[in-house]
């Protein structure tokens, strides 16, 4: 098994981060993979770029999808999860996480936590 990373930009508060963590752990649990590292970058990421700069479009997405609604304690963050697994398993986990983050399907809707995947 090799190490592989999942990276997500999120616009979340602590409750949203906890929900995303549950979503990731549910995707990993039934598969032959192990979480080796869990990191939430709240201000800067590798290379010195700020999360506010990298994920400003998620802030805009929230404002557009939730007009007049306060963003509360949400802020742009980057979640990085290092896994020990095969490429096939990584792909299945990534697909399951993305499906869990926005489970409503293809119809227009608002995601609970605005996100982007890399």
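The values are calculated or read from the model by the stated rules, or taken from the named source; none is laboratory data. These figures come from a predicted structure and were not determined experimentally. We place every Cβ from the backbone using ideal geometry, glycine too, and count neighbours over all the protein chains shown.
Scanning the stretch 25-43 for residues that are over 16 Å from the mean Cα position of the chain (by Cα) and part of a strand (DSSP E or B), we see that the one that is nearest to residue 95 (Cα to Cα) is 34.
The number of residues in the stretch 86-118 being touching a helix residue (DSSP H, G or I) at 6+ places or on another chain (Cβ under 9 Å), in contact (Cβ under 8 Å) with a residue 60 or more places away in the chain and either in a loop (DSSP other than H, G, I, E, B) or at positive phi (or both) comes to 3. Scanning the stretch 59-91 for residues that are surrounded by 17 or more Cβ atoms within 10 Å (Cβ to Cβ) and closer than 17 Å to residue 26 by Cβ returns 79, 81, 83, 85, 89, 90. Looking at the stretch 39-51, which of the residues that are under 13 Å from residue 79 (Cβ atoms) and touching a helix residue (DSSP H, G or I) at 6+ places or on another chain (Cβ under 7 Å) is surrounded by the fewest Cβ atoms within 10 Å (Cβ to Cβ)? Ranking the candidates gives 42 first. Counting the residues of the stretch 92-118 that are within 23 Å of residue 15 (Cα to Cα), over 13 Å from the mean Cα position of the chain (by Cα) and surrounded by 12 or more Cβ atoms within 10 Å (Cβ to Cβ) gives 1. Does residue 36 count as modelled with pLDDT of 95 or more, out of contact with any helix residue (DSSP H, G or I) (no Cβ under 8 Å at 6 or more places or on another chain), at negative phi and surrounded by 12 or more Cβ atoms within 10 Å (Cβ to Cβ)? In short, yes.
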